[in-house]
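Report on the structure given below.
The values are calculated or read from the model by the stated rules, or taken from the named source; none is laboratory data. As the structure is a prediction and not an experimental result, all values here were calculated from the model. As a convention, Cβ positions derive from the backbone with ideal geometry for all residues, glycine included, and neighbour counts pool all protein chains shown. These area figures cover heavy atoms from the full protein model, side chains too; ligands, DNA and RNA do not enter into them. Shrake-Rupley method; radii C 1.70, N 1.55, O 1.52, S 1.80 Å.
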Amino acid sequence: MRYVVMPTTDIRRNLATEQYLMQSNKIELPFMLFYIQKPCIIVGRNQNTFEEINEAYCRKHQIVVTRRLSGGGAMYDDLGNLSFSFVVPADRRLFGDFKQLVAPVVTALHAMGATGAAVTGRNDIVIAGKKFSGNAMYTKGGKTFCHGTLMFNVDLAEVTKALNVPADKIASKGIKSVRSRVTNLMPYLDKQYQGITTADFRDALILKILKADSLQAMRQSEYHLDSEDEAQIEQLVAKYYANWDWVYGNSPQFTVKKRKHFKNGTIDVRFLVEKGLIQEVTIYGDFFGTQPVSDLQAKLKGLPFKHAQLSAVLEEQHLDNYFAGIPQEEVLALFTSE
(Lines give C-alpha, C1' and ligand atoms only; values in the text may rest on other atoms or scores of the structure.)
Protein backbone atom coordinates (compact mmCIF):
# COMPACT_ATOMS: atom_id res chain seq x y z
CA MET A 1 0.00 0.00 0.00
CA ARG A 2 1.29 3.46 -0.93
CA TYR A 3 1.34 6.29 1.60
CA VAL A 4 1.92 10.04 1.66
CA VAL A 5 3.55 12.05 4.43
CA MET A 6 2.30 15.62 4.16
CA PRO A 7 5.25 18.02 3.78
CA THR A 8 3.55 20.93 5.60
CA THR A 9 2.10 21.58 9.05
CA ASP A 10 -0.78 23.70 7.71
CA ILE A 11 -4.12 21.93 8.16
CA ARG A 12 -5.63 23.81 5.21
CA ARG A 13 -3.00 22.53 2.82
CA ASN A 14 -3.13 19.04 4.31
CA LEU A 15 -6.90 18.76 3.85
CA ALA A 16 -6.56 20.11 0.32
CA THR A 17 -3.92 17.46 -0.40
CA GLU A 18 -6.24 14.76 0.88
CA GLN A 19 -9.08 16.04 -1.31
CA TYR A 20 -6.88 16.35 -4.39
CA LEU A 21 -5.31 12.90 -4.11
CA MET A 22 -8.70 11.32 -3.51
CA GLN A 23 -10.13 12.98 -6.63
CA SER A 24 -7.12 12.26 -8.84
CA ASN A 25 -5.84 8.93 -10.06
CA LYS A 26 -2.21 9.60 -9.15
CA ILE A 27 -2.09 6.78 -6.57
CA GLU A 28 -3.64 3.34 -6.87
CA LEU A 29 -6.26 2.52 -4.23
CA PRO A 30 -6.08 1.88 -1.37
CA PHE A 31 -3.52 4.34 0.03
CA MET A 32 -2.79 6.16 3.28
CA LEU A 33 -2.08 9.77 4.23
CA PHE A 34 -0.41 11.07 7.39
CA TYR A 35 -0.25 14.66 8.53
CA ILE A 36 0.85 16.74 11.52
CA GLN A 37 -0.22 20.35 11.91
CA LYS A 38 0.23 23.49 13.96
CA PRO A 39 -2.61 24.41 16.36
CA CYS A 40 -5.91 24.35 14.50
CA ILE A 41 -9.59 23.53 14.76
CA ILE A 42 -11.36 21.52 12.07
CA VAL A 43 -15.15 21.72 12.13
CA GLY A 44 -17.41 19.18 10.47
CA ARG A 45 -19.06 19.91 7.14
CA ASN A 46 -22.52 20.47 8.64
CA GLN A 47 -21.53 22.45 11.71
CA ASN A 48 -21.86 26.07 12.74
CA THR A 49 -18.26 27.26 13.01
CA PHE A 50 -19.21 30.20 15.25
CA GLU A 51 -20.88 27.81 17.68
CA GLU A 52 -17.92 25.45 17.93
CA ILE A 53 -14.96 27.73 18.59
CA ASN A 54 -13.81 30.35 21.05
CA GLU A 55 -13.11 32.82 18.27
CA ALA A 56 -11.38 35.44 20.43
CA TYR A 57 -9.03 32.84 21.89
CA CYS A 58 -8.27 31.34 18.47
CA ARG A 59 -7.52 34.76 16.99
CA LYS A 60 -5.28 35.75 19.91
CA HIS A 61 -3.31 32.50 19.83
CA GLN A 62 -3.21 32.19 16.02
CA ILE A 63 -5.13 28.93 15.96
CA VAL A 64 -6.13 28.19 12.36
CA VAL A 65 -9.82 27.42 11.86
CA THR A 66 -11.08 25.52 8.83
CA ARG A 67 -13.89 23.24 7.70
CA ARG A 68 -13.49 19.74 6.29
CA LEU A 69 -15.53 17.89 3.66
CA SER A 70 -16.63 15.14 6.03
CA GLY A 71 -19.28 15.31 8.73
CA GLY A 72 -18.87 14.77 12.46
CA GLY A 73 -17.76 17.11 15.21
CA ALA A 74 -15.10 19.76 15.75
CA MET A 75 -11.56 18.67 16.55
CA TYR A 76 -8.55 20.51 17.98
CA ASP A 77 -5.11 19.54 16.67
CA ASP A 78 -1.60 20.68 17.45
CA LEU A 79 1.90 19.37 16.77
CA GLY A 80 1.32 16.61 19.32
CA ASN A 81 -1.42 15.09 17.18
CA LEU A 82 -1.02 12.71 14.24
CA SER A 83 -3.80 12.66 11.67
CA PHE A 84 -4.28 9.76 9.28
CA SER A 85 -6.50 8.98 6.32
CA PHE A 86 -7.31 5.82 4.38
CA VAL A 87 -8.56 6.32 0.81
CA VAL A 88 -10.42 3.25 -0.45
CA PRO A 89 -12.91 2.28 -3.18
CA ALA A 90 -16.43 3.42 -2.24
CA ASP A 91 -18.59 0.63 -0.84
CA ARG A 92 -22.02 1.23 0.68
CA ARG A 93 -21.42 -1.60 3.10
CA LEU A 94 -18.26 0.04 4.36
CA PHE A 95 -19.50 3.62 4.66
CA GLY A 96 -19.98 4.28 8.35
CA ASP A 97 -18.12 1.13 9.39
CA PHE A 98 -15.32 2.92 11.20
CA LYS A 99 -14.28 -0.18 13.08
CA GLN A 100 -13.29 -1.99 9.90
CA LEU A 101 -11.65 0.97 8.19
CA VAL A 102 -9.47 2.01 11.14
CA ALA A 103 -8.59 -1.59 12.04
CA PRO A 104 -5.03 -1.29 10.62
CA VAL A 105 -4.33 1.62 12.97
CA VAL A 106 -5.79 -0.14 16.01
CA THR A 107 -3.81 -3.32 15.23
CA ALA A 108 -0.61 -1.29 14.90
CA LEU A 109 -1.25 0.48 18.20
CA HIS A 110 -1.74 -2.88 19.91
CA ALA A 111 1.64 -3.97 18.55
CA MET A 112 3.15 -0.76 19.99
CA GLY A 113 1.85 -1.53 23.48
CA ALA A 114 -1.55 0.20 23.57
CA THR A 115 -3.38 -3.12 23.86
CA GLY A 116 -6.46 -1.50 25.38
CA ALA A 117 -7.17 0.66 22.33
CA ALA A 118 -10.60 -0.09 20.86
CA VAL A 119 -13.21 1.44 18.57
CA THR A 120 -16.31 2.40 20.51
CA GLY A 121 -19.56 4.21 19.87
CA ARG A 122 -20.00 5.55 16.37
CA ASN A 123 -16.53 6.81 15.42
CA ASP A 124 -14.14 7.06 18.38
CA ILE A 125 -11.08 5.10 19.42
CA VAL A 126 -10.66 4.98 23.20
CA ILE A 127 -8.31 3.60 25.81
CA ALA A 128 -8.98 3.25 29.54
CA GLY A 129 -12.41 4.79 28.94
CA LYS A 130 -11.02 7.97 27.39
CA LYS A 131 -11.05 9.12 23.79
CA PHE A 132 -7.81 9.72 21.90
CA SER A 133 -9.13 9.50 18.33
CA GLY A 134 -12.13 10.88 16.47
CA ASN A 135 -12.90 9.78 12.91
CA ALA A 136 -15.03 10.92 9.98
CA MET A 137 -15.84 9.77 6.43
CA TYR A 138 -16.54 11.28 3.04
CA THR A 139 -17.38 9.62 -0.27
CA LYS A 140 -17.41 10.95 -3.82
CA GLY A 141 -16.64 9.72 -7.32
CA GLY A 142 -16.41 6.06 -6.39
CA LYS A 143 -13.91 6.69 -3.59
CA THR A 144 -14.18 7.07 0.17
CA PHE A 145 -11.77 8.48 2.68
CA CYS A 146 -11.86 7.72 6.38
CA HIS A 147 -9.71 10.15 8.32
CA GLY A 148 -9.04 10.56 11.99
CA THR A 149 -6.84 11.95 14.74
CA LEU A 150 -4.42 10.29 17.12
CA MET A 151 -3.79 12.41 20.21
CA PHE A 152 -0.22 11.36 20.85
CA ASN A 153 1.03 14.25 22.99
CA VAL A 154 -1.49 17.07 22.55
CA ASP A 155 -1.69 20.06 24.91
CA LEU A 156 -4.98 19.00 26.51
CA ALA A 157 -5.50 22.35 28.24
CA GLU A 158 -5.73 24.03 24.85
CA VAL A 159 -8.51 21.71 23.72
CA THR A 160 -10.91 23.16 26.28
CA LYS A 161 -9.84 26.77 25.81
CA ALA A 162 -10.08 26.75 22.01
CA LEU A 163 -13.42 24.93 21.85
CA ASN A 164 -15.16 26.55 24.84
CA VAL A 165 -18.20 28.58 23.74
CA PRO A 166 -20.86 29.75 26.26
CA ALA A 167 -23.95 27.60 25.75
CA ASP A 168 -26.37 30.50 26.22
CA LYS A 169 -24.66 32.81 23.75
CA ILE A 170 -25.46 31.21 20.40
CA ALA A 171 -28.65 29.40 19.42
CA SER A 172 -28.72 27.52 16.12
CA LYS A 173 -29.84 24.39 14.35
CA GLY A 174 -26.27 23.33 13.68
CA ILE A 175 -24.95 19.95 14.74
CA LYS A 176 -23.14 20.61 18.02
CA SER A 177 -20.10 18.53 18.96
CA VAL A 178 -20.39 16.18 21.89
CA ARG A 179 -17.41 16.66 24.18
CA SER A 180 -15.82 13.50 25.55
CA ARG A 181 -13.18 12.81 28.15
CA VAL A 182 -9.92 12.75 26.23
CA THR A 183 -6.40 11.50 26.82
CA ASN A 184 -3.04 11.30 25.12
CA LEU A 185 -1.88 8.00 23.73
CA MET A 186 1.80 8.23 24.62
CA PRO A 187 1.54 6.96 28.24
CA TYR A 188 -0.10 3.75 27.05
CA LEU A 189 2.62 2.80 24.54
CA ASP A 190 5.72 0.69 25.18
CA LYS A 191 8.73 2.43 26.73
CA GLN A 192 10.54 2.75 23.42
CA TYR A 193 7.80 5.12 22.25
CA GLN A 194 7.88 7.32 25.35
CA GLY A 195 9.28 10.79 24.79
CA ILE A 196 9.66 10.48 21.01
CA THR A 197 8.48 13.15 18.57
CA THR A 198 5.15 12.99 16.78
CA ALA A 199 7.03 12.45 13.51
CA ASP A 200 8.89 9.47 15.01
CA PHE A 201 5.57 8.10 16.26
CA ARG A 202 4.15 8.49 12.74
CA ASP A 203 7.03 6.56 11.19
CA ALA A 204 6.76 3.80 13.79
CA LEU A 205 3.04 3.50 13.13
CA ILE A 206 3.50 3.31 9.34
CA LEU A 207 6.20 0.69 9.85
CA LYS A 208 3.76 -1.46 11.83
CA ILE A 209 0.86 -0.98 9.39
CA LEU A 210 2.98 -1.92 6.37
CA LYS A 211 4.80 -4.67 8.30
CA ALA A 212 8.06 -3.37 6.83
CA ASP A 213 11.45 -4.55 8.08
CA SER A 214 13.03 -1.10 8.20
CA LEU A 215 12.38 2.57 7.56
CA GLN A 216 14.34 2.28 4.34
CA ALA A 217 12.11 -0.54 3.11
CA MET A 218 9.00 1.34 4.26
CA ARG A 219 9.91 4.48 2.33
CA GLN A 220 9.93 2.57 -0.94
CA SER A 221 6.13 2.75 -0.69
CA GLU A 222 6.06 6.52 -0.13
CA TYR A 223 4.54 8.83 -2.74
CA HIS A 224 6.06 12.32 -3.08
CA LEU A 225 4.03 15.25 -4.38
CA ASP A 226 5.19 16.74 -7.67
CA SER A 227 4.80 20.25 -9.09
CA GLU A 228 1.51 19.35 -10.80
CA ASP A 229 0.14 18.12 -7.50
CA GLU A 230 1.25 21.26 -5.67
CA ALA A 231 -0.46 23.56 -8.18
CA GLN A 232 -3.76 21.69 -7.92
CA ILE A 233 -3.56 21.61 -4.13
CA GLU A 234 -2.98 25.36 -3.95
CA GLN A 235 -6.20 25.95 -5.91
CA LEU A 236 -8.17 23.84 -3.43
CA VAL A 237 -6.67 25.72 -0.49
CA ALA A 238 -7.88 29.01 -1.96
CA LYS A 239 -11.30 27.67 -2.95
CA TYR A 240 -12.09 25.86 0.28
CA TYR A 241 -9.88 25.63 3.31
CA ALA A 242 -8.56 29.21 3.49
CA ASN A 243 -11.81 30.71 2.16
CA TRP A 244 -13.90 32.54 4.79
CA ASP A 245 -17.08 31.77 2.86
CA TRP A 246 -16.40 28.03 3.11
CA VAL A 247 -15.16 28.01 6.70
CA TYR A 248 -17.71 30.44 8.22
CA GLY A 249 -20.20 31.28 5.49
CA ASN A 250 -21.45 27.69 5.26
CA SER A 251 -22.67 27.83 8.86
CA PRO A 252 -26.45 27.34 9.24
CA GLN A 253 -28.68 30.19 10.44
CA PHE A 254 -28.12 31.13 14.06
CA THR A 255 -28.73 33.92 16.52
CA VAL A 256 -26.28 35.65 18.83
CA LYS A 257 -27.29 37.54 21.97
CA LYS A 258 -24.97 40.03 23.69
CA ARG A 259 -26.13 41.88 26.78
CA LYS A 260 -24.41 44.09 29.34
CA HIS A 261 -25.46 46.53 32.03
CA PHE A 262 -23.58 49.83 32.07
CA LYS A 263 -23.87 52.75 34.52
CA ASN A 264 -25.99 54.66 32.00
CA GLY A 265 -28.17 51.82 30.80
CA THR A 266 -28.37 48.21 29.61
CA ILE A 267 -27.66 47.25 26.00
CA ASP A 268 -29.06 43.98 24.61
CA VAL A 269 -28.14 43.30 20.98
CA ARG A 270 -29.32 40.31 18.91
CA PHE A 271 -27.79 39.24 15.59
CA LEU A 272 -29.50 36.90 13.14
CA VAL A 273 -26.77 35.39 10.98
CA GLU A 274 -27.15 33.22 7.90
CA LYS A 275 -24.39 32.02 5.58
CA GLY A 276 -21.99 34.08 7.69
CA LEU A 277 -23.79 37.39 6.96
CA ILE A 278 -25.80 39.53 9.39
CA GLN A 279 -29.40 39.34 8.19
CA GLU A 280 -31.00 41.27 11.03
CA VAL A 281 -29.79 43.33 14.01
CA THR A 282 -32.07 44.25 16.89
CA ILE A 283 -30.92 46.45 19.76
CA TYR A 284 -32.91 46.60 22.99
CA GLY A 285 -32.25 48.39 26.28
CA ASP A 286 -33.09 51.23 28.66
CA PHE A 287 -30.33 53.53 27.37
CA PHE A 288 -30.84 57.05 26.02
CA GLY A 289 -29.60 58.51 22.74
CA THR A 290 -30.11 61.43 20.37
CA GLN A 291 -30.15 59.17 17.31
CA PRO A 292 -32.44 56.15 16.76
CA VAL A 293 -30.67 52.76 17.01
CA SER A 294 -32.48 51.76 13.81
CA ASP A 295 -29.88 53.85 11.97
CA LEU A 296 -27.07 51.81 13.53
CA GLN A 297 -28.89 48.55 12.84
CA ALA A 298 -29.11 49.47 9.16
CA LYS A 299 -25.35 50.12 9.01
CA LEU A 300 -24.59 46.64 10.42
CA LYS A 301 -27.09 44.67 8.36
CA GLY A 302 -25.47 42.71 5.53
CA LEU A 303 -21.97 42.71 7.01
CA PRO A 304 -20.03 39.48 7.45
CA PHE A 305 -20.33 38.39 11.08
CA LYS A 306 -16.62 38.90 11.49
CA HIS A 307 -14.70 40.78 14.16
CA ALA A 308 -12.67 42.90 11.74
CA GLN A 309 -15.66 44.09 9.69
CA LEU A 310 -17.84 44.87 12.71
CA SER A 311 -15.02 46.79 14.39
CA ALA A 312 -14.24 48.81 11.27
CA VAL A 313 -17.84 49.99 10.84
CA LEU A 314 -18.50 50.66 14.53
CA GLU A 315 -15.27 52.59 14.99
CA GLU A 316 -16.48 55.06 12.35
CA GLN A 317 -19.67 55.80 14.31
CA HIS A 318 -20.21 58.27 17.13
CA LEU A 319 -21.73 55.65 19.39
CA ASP A 320 -22.51 58.21 22.08
CA ASN A 321 -25.28 59.45 19.78
CA TYR A 322 -27.03 56.10 20.26
CA PHE A 323 -25.92 55.20 23.79
CA ALA A 324 -25.47 58.46 25.70
CA GLY A 325 -22.93 58.37 28.50
CA ILE A 326 -21.65 54.88 27.72
CA PRO A 327 -17.96 54.94 26.66
CA GLN A 328 -17.40 54.23 22.96
CA GLU A 329 -14.80 51.54 23.62
CA GLU A 330 -17.14 49.65 25.98
CA VAL A 331 -19.97 49.62 23.46
CA LEU A 332 -17.53 48.52 20.78
CA ALA A 333 -16.27 45.71 23.01
CA LEU A 334 -19.82 44.47 23.61
CA PHE A 335 -20.78 44.37 19.93
CA THR A 336 -17.55 42.66 18.79
CA SER A 337 -16.96 40.27 21.69
CA GLU A 338 -16.92 36.52 21.03
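Here are some notes:
- Cα→Cβ-extended label distance, 7 Å offset, between Gln328 and Arg270, nm: 3.0
- Peptides 254-263, 215-224, 9-18, 138-147 ranked from most to least packed by the mean count of surrounding Cβ atoms within 10 Å: 9-18, 138-147, 254-263, 215-224.
- Protein heavy-atom surface of the chain, 1.4 angstrom probe: 50% of the accessible area is carbon and sulfur, with nucleic acids and ligands not counted.
- Per residue, in Å², the accessible surface of region 213-259 once ligands and nucleic acids are set aside, probe 1.4 Å: 59
- Summarising the amide proton neighbourhood of Asp155: residues at separation of 5 or more, or on other chains, whose placed amide H is nearer than 5 Å comprise Gly80.
- Dipole in debye (nearest 20) - the chain, about Cα centre, beta carbon charges: Lys, Arg +1; Asp, Glu -1: 1020
- Ordering of 312-319, 273-280, 25-32, 42-49 by packing [mean C-beta count within 10 Å, highest first]: 42-49, 273-280, 25-32, 312-319
- This structure gives semi-axes √(5λ) of the Cα gyration tensor in Å, computed directly, and of (i) 34, 23, 17; (ii) 44, 21, 17; (iii) 45, 25, 18 that value is listed as (ii).
- Spin-label model distance (nm) - Ala212 vs Phe262, 7 Å beyond Cα toward Cβ: 6.3
- Interchain or long-range residues, amide H under 5 Å from Lys306's placed H: none
- Solvent-accessible heavy-atom area per residue, rounded to whole Å², over region 1-143 at 1.4 Å: 38
- Seen from Tyr322, the other residues with C-beta closer than 12 Å to its C-beta sum to a net charge of -1, counting Lys and Arg as +1 and Asp and Glu as -1.
- Over the chain, DSSP H runs of length four or greater, each weighted -39,500 (n - 2.57), average out per residue to a 222 nm ellipticity of -8000 deg cm²/dmol.
- Cα gyration tensor, region 55-112 - rounded (a/c under 1.5), prolate or oblate: oblate
- Charged-residue dipole, Cβ positions (Lys, Arg, Asp, Glu), region 249-338 about Cα centre, Debye nearest 20: 300
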